[in-house]
1. At 0.36 nm per residue, minus the direct Cα-Cα distance, what do T115 and R86 gain on full extension? Give it in nm, one decimal, please.
2. Sort out for me the Cα centre separation of segment 1-71 from segment 99-121, rounded to whole Å.
Amino acid sequence: MAQAKTLTPAELDQVLDFISHRSFALRNRVMLLTGMWSGMRVSEIASLSVSDVMNANGTIKAEIRLTAEQTKGRQPRTVFLPQKLRDELHPYMELRKPQNLAHPLFITAGRRGFTANVMTQHFFGCLRRQVFQAPAVTPCVAASSPRWPAKALAYVCLLVLQDTAQLLLHNDTLTYTTI
């Protein structure tokens, strides 16, 4: 597979500007920056719970311990959150006011947690249709996180069924063709 092209700072600003004019702007900004600045995969971000990033006293943790079930390689790992990401997470958590630390960190408009597939499609829509105005089959610039990866926004922008299935750790592309 080809190496994903990364977003330049100007392109990231363009994406963030687009996000700022849409519904759920703060949530979408924090989701994107979590991937960009922490290096987590889409599936890892989608699997985060409030307790993964927030202490019981309401402070944002400096590191996240991902379980084997949350990672692609089924190996637990620690992700360090830079101060600038913690500064972005703080207002989001204040707005969310989570009552239950076990609830998903990022929730949809329907108040459910994102799945990796839904989150992937969400970012695909932001990048392809609005920001880069690319046709559905044209590759576009992707996220610059070294891992954001689930080949993150880059391969999502390709919108190739096999890449999406691989991105989400599915070997069976029939999963996506029976929708």
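Nothing in this text is a laboratory measurement; each read-out follows from the coordinates by a stated rule. The structure presented is a predicted model; accordingly, all values stated were derived computationally and were not measured.
1. Numbers: separation 29, 0.36 × 29 = 10.44 nm, distance 2.28 nm.
In short, 8.2 nm is gained.
2. Spelled out, the Cα-based centre of one part sits 12 Å from the other.
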